[in-house]
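Peer 1: This structure is in structure tokens; I'll ask about it shortly.
Just so you know, all these numbers are worked out from the coordinates, no wet-lab data involved. Bear in mind that the values here come from a model prediction, so they are computed numbers and not experimental data. No Cβ is skipped: glycine too gets one built from the backbone with ideal geometry, and neighbour counts run over all protein chains shown.
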Amino acid sequence: MNTLERFRRSYFFYSFKRDKTALVSFSIFAFLVLVSLLAPVIAPHDPYDTSTIDILDAEIPPSWMDGGEDRFWLGTDIQGRDLYSTMLYGLRTSVAIGLGAVIFQALLGIAVGLTAGYMGGKTDSFLMRIADIQFSIPYLIVAIIASAVFQLAFGVARFAEMAMPLLIVIIGISEWPKYARTVRASVLGERKKEYVEAARVIGLNRWRIMIRHILPNTLTPVLVISTIQVAQAVMSEAALSFLGLGMPITKPSLGSLIKAGFEYVFSGSWWITFFPGLLLVVFTLVVILFGDWLRDVLNPKLYKG
Amino acid sequence: MFAFIVRRIIEAIIVMLVISFIGFAVQHSIGDPIRDMVGLRVSVEDREALRDKLGLNDPFLTQYFRFVRNALHGDLGTSYFHNKPCTEVILSKAPATIELVIGSSIIILLFTFPVGVFSAIWPRHWFSRLTMGASTVGVAIPVFLTAIALIYVFGVELNWLPSYGRGQTVNIGGWETGFLTVDGILHLILPSVSLSSIMLPLYIRLIRSEMMEVLETEYIKFAWAKGLDKKRIWLVHAFKNTLLPVITVFGVEIGILFAFTLLTETVFQWQGMGFMFLEAVERSDTALLVAYMMVVGGMFVFINTVVDITYGFVNPMVRIAGAK
């Protein structure tokens, strides 16, 4: 039986097919990720190509409203960019930052959690104390202060240039303790098991035991929190950009689009904020719903609250 | 117990030292106090002389110890933009933020308990299903979108409530309060509602699941068997035991509420600490930024230490587990 066949017959796939919420939310999630990846192909305009943008096109309402034009399906933003295309590119940036930040924080957290859990003793208490201390300060405060410091250190222009990798690092740093705690907890459960003992008797070195033997058995909880963390990271990116500490307006992300439109909502141009906002909510919602389902399936012991 | 308290306090001091070290390193590497103090026309020699006089050419560690000593005396430097001591600026902005947090805490407590208890008692009622559905969606809506929607509906379209600023405030012993004037309270409504929107879904769910768990316990079954009045069982027997864990979580998570004031204050132009912080970033006011970092860090360290010590009193397990 090959892997695909095994997957198709698994309980995981069976319950996925039966659960309507999981099916719908995963389909929407997959669709949004696909659309964002294909943004350069699908989008009718390129928001990064300044030669096609005309400031005279600014604030045109969606095509079905009075004054709307067929060229711009969802209208245009304050700089005259086609809102639909800009949103696709914005989603692409947000998803990239979200996934990047989760991968970064997972790597950092897993490394710390694995080391702390396996080594124990002084290393453990030292590393986990750091995680505890950071955990006691809300992640948003950490992220906001970190990006403020980066922005002052690099200057606004340089920061805008490197905004994407910086945001991945900032959001990653603000959330790693969650992974460290989760991984450490499962490592403590695995460490005393016989297969680890056996590996040690064979004389494998501790890094090999940690990475090849223990790590694979701790990945289920990591997977469970990762989905929720993607939603969290996308929200953090939006919050930071909204505060002016994230993506600049010239490089659209969902957050920076909302920020750009915010001041124009009250003069009647509601669509500049509404559509990116809706997209952000839908994306976060489907990720959360799928994450909830994943948690219930992979961890049936958990109480469904 | 005494040893536990001492250890927690020592830990808190170490953490504060680390935070102050980071803060100082930030100030040392980005800020230029000379630029903040003098104009462009001052010559290079004069600047150097001033640097020497202020001790800015001292070794890093000497300067750091001076920074800590000043911080202990409540002196966190001078804000370049406000031209006032940072502590003074932050203290003058703190009441606005604290009142915002208090306002939304009141809304959260008033709203979540009835709804949570109701949906625990009648989980199949249409209202319970509606709130459960709404709270799932609610988690995914960022606070600034709620705030913008509220301003759009109640501030712009209906024109019922003021949508920015704090309105009329009264000064009581240096504390600018908006709670005592009608105008101040009207201004507080929209910001507090949008700030509370991040916690409402979570708390309704928390209270519901806690209450449902309590309703399944033996002593509630026994109370039913005794034939007690159902209101008495729900409100006196079950609710009381739901209260404790929920209040504990609320006490711990009030910090998260504080974090989100930054977003709420930006949308509503609320003149609090968060708004001040973002202004400081825009104006490259490094001293104020570092001071904010120290104050906020200190606040969280203080809250956590107090919470831990209180737990230590209530639950001896914590003391033993921590002792090793």
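Peer 1: Collect residues whose amide H, placed 1.01 Å from N in the peptide plane, falls under 5 Å from the amide H of B:Thr78; neighbours closer than 5 in sequence don't count.
Peer 2: B:Cys86
Peer 1: For chain B, what does -39500 (n - 2.57) per DSSP helix run (n ≥ 4), summed and divided by total residues, give at 222 nm, in deg cm²/dmol to the nearest 500?
Peer 2: Working: 14 runs with 232 residues, N = 324.
Roughly -24000 deg cm²/dmol at 222 nm, from the helical runs in chain B.
Peer 1: Right, something else. Name the lysines eligible as straight-distance cross-link partners of A:Lys122: C-alpha to C-alpha under 16 Å, and not fewer than 8 places from it in the same chain.
Peer 2: Those lysines meeting the cut-off are B:Lys324.
Peer 1: Using only Cα atoms, find the angle between the long axis of helix A:163-191 and the longest principal axis of chain A, and express it within 0 to 90 degrees, rounded to the nearest 10.
Peer 2: Helix A:163-191 and the main axis of chain A meet at about 20 degrees.
Peer 1: Regarding chain B, what are the three Cα extents along the principal axes, ordered largest first, in Å?
Peer 2: 89, 61, 37 Å, listed from the longest principal axis down.
Peer 1: Next up: On a 0 to 90 degree scale, rounded to 10, what angle separates helix A:83-119 from the longest Cα axis of chain A?
Peer 2: Relative to chain A, helix A:83-119 is tipped by roughly 20 degrees.
Peer 1: Could you give the nm distance between label points at B:Trp122 and B:Leu110, where each point is 7 Å from its Cα heading toward the beta carbon?
Peer 2: 2.3
Peer 1: Would you order A:Tyr84, B:Tyr164, A:Tyr14 from fewest to most other beta-carbon atoms within 10 Å of each residue's own beta-carbon? Present the calculation step by step, with values, prior to reporting the outcome.
Peer 2: Working: A:Tyr84 19, B:Tyr164 15, A:Tyr14 12.
Placing the least packed residue first, the sequence is A:Tyr14, B:Tyr164, A:Tyr84.
Peer 1: Exposure proxy check: B:Ser43, A:Ser269 ranked by fewest other beta carbons within 10 Å? Don't skip to the answer; put the middle values down first.
Peer 2: Details: B:Ser43 9, A:Ser269 20.
Fewest-to-most Cβ neighbours within 10 Å comes out as B:Ser43, A:Ser269.
Peer 1: Please list 3J(HN,Hα) in residue order for the stretch B:200-210, calculated via the Karplus relation 6.51 cos²θ - 1.76 cosθ + 1.60 where θ = phi - 60°; whole Hz, with x for glycine and proline.
Peer 2: Result, rounded to whole Hz: 3, x, 5, 6, 4, 5, 4, 5, 4, 6, 4.
Peer 1: What's the extension gain from B:Arg66 to B:Leu130 if we count 0.36 nm per residue and subtract their Cα-Cα distance?
Peer 2: Values: separation 64, 0.36 × 64 = 23.04 nm, distance 5.83 nm.
Difference between extended and current length: 17.2 nm.
Peer 1: Also, quick follow-up: If we count other beta carbons within 10 Å of each Cβ, what is the order of B:Glu45, A:Glu175, B:Glu11, B:Glu210, fewest first? Intermediate values should be presented prior to the final figure.
Peer 2: Details: B:Glu45 8, A:Glu175 26, B:Glu11 18, B:Glu210 23.
In increasing order of surrounding Cβ atoms, one gets B:Glu45, B:Glu11, B:Glu210, A:Glu175.
Peer 1: Could I ask something else about it? Among A:Pro177, A:Val265, A:Ala101, pick out the residue whose Cα is farthest towards the positive end of the charge dipole of the stretch A:31-298, where Lys and Arg carry +1 and Asp and Glu carry -1 on C-beta, about the Cα centre.
Peer 2: The one lying farthest along the dipole's positive direction is A:Pro177.
Peer 1: Just name one of B:Gly138, B:Phe179, B:Tyr164: the one whose Cα is farthest towards the positive end of the charge dipole of chain B (beta-carbon charges, Lys/Arg +1, Asp/Glu -1).
Peer 2: B:Gly138
Peer 1: Per-residue HN-Hα couplings for the stretch B:254-270, Karplus 6.51 cos²θ - 1.76 cosθ + 1.60 at θ = phi - 60°, whole Hz, x for Gly and Pro?
Peer 2: Each residue of the stretch B:254-270 in turn: 5, x, 5, 4, 4, 4, 7, 4, 4, 6, 4, 5, 5, 5, 8, 6, 7 Hz.
Peer 1: What size of dipole, in debye to the nearest 20, comes out for the protein assembly as shown about its Cα centre when the only charges are +1 on Lys and Arg C-beta atoms and -1 on Asp and Glu C-beta atoms?
Peer 2: Values: 52 positive and 48 negative charges, 660 e Å.
Taking the Cα centre of the protein assembly as shown as origin, the dipole is about 3160 debye.
Peer 1: Along its three principal axes, how long is the stretch A:31-298 when you only count alpha carbons? Whole Å, largest extent first please.
Peer 2: For the stretch A:31-298, the Cα extents along the three principal axes come out at 76, 40, 29 Å.
Peer 1: What lysines does B:Lys84 reach when the alpha-carbon gap must be under 24 Å and sequence neighbours fewer than 8 apart in one chain are set aside?
Peer 2: List returned: B:Lys53, B:Lys93.
Peer 1: Where nothing but the Cβ of Lys and Arg (+1) and of Asp and Glu (-1) is charged, how large is the charge dipole of the stretch A:31-298 around its Cα centre, in debye to the nearest 20? Present the calculation step by step, with values, prior to reporting the outcome.
Peer 2: Values: 19 positive and 21 negative charges, 388 e Å.
The dipole of the stretch A:31-298 has a size of about 1860 debye.
Peer 1: Enter the angle in degrees (range 0 to 90, nearest 10) between the Cα long axis of helix A:139-161 and the first principal axis of the Cα atoms of chain A, meaning the one along which they spread out most.
Peer 2: 50
Peer 1: Here's a follow-up. Measure out, as a whole number of angstrom, how far apart the alpha-carbon centroids of the stretch B:81-138 and the stretch A:117-145 sit.
Peer 2: After rounding, the separation between the Cα centres reads 27 Å.
Peer 1: Turning to a different aspect of this structure: Tell me which residues come under 5 Å, amide H to amide H, from A:Thr76 once H is placed; ignore anything under 5 positions away on its chain.
Peer 2: Close amide H contacts, sequence-distant or interchain: A:Glu59, A:Ile60, A:Leu83.
Peer 1: Something else: Given Cβ point charges of +1 (Lys, Arg) and -1 (Asp, Glu) and nothing else, what value in debye, to the nearest 20, does the dipole of the stretch A:191-305 about its Cα centre take? Display every interim value, and only then the final one.
Peer 2: Details: 12 positive and 6 negative charges, 153 e Å.
Roughly 740 debye for the stretch A:191-305.
Peer 1: Can you give me the relative contact order of the stretch A:148-305 as a percent, contacts being Cα pairs under 8 Å and 6 or more apart?
Peer 2: Values: 124 pairs, mean separation 32.0, N = 158.
About 20 percent, as a whole number.
Peer 1: Using 7 Å Cα-to-Cβ label points, what is the B:Ile13/A:Arg208 separation (nm, one decimal)?
Peer 2: According to this spin-label approximation, the distance is 4.8 nm.
Peer 1: Let me ask something else about it. Give me the net charge of B:Leu288's neighbourhood, meaning all other residues with Cβ under 10 Å from the Cβ of B:Leu288; Lys, Arg count +1, Asp, Glu -1. Let's see the in-between values first.
Peer 2: Working: positive: B:Lys84, B:Arg283; negative: B:Glu279, B:Asp285.
With Lys, Arg at +1 and Asp, Glu at -1, the net is 0.
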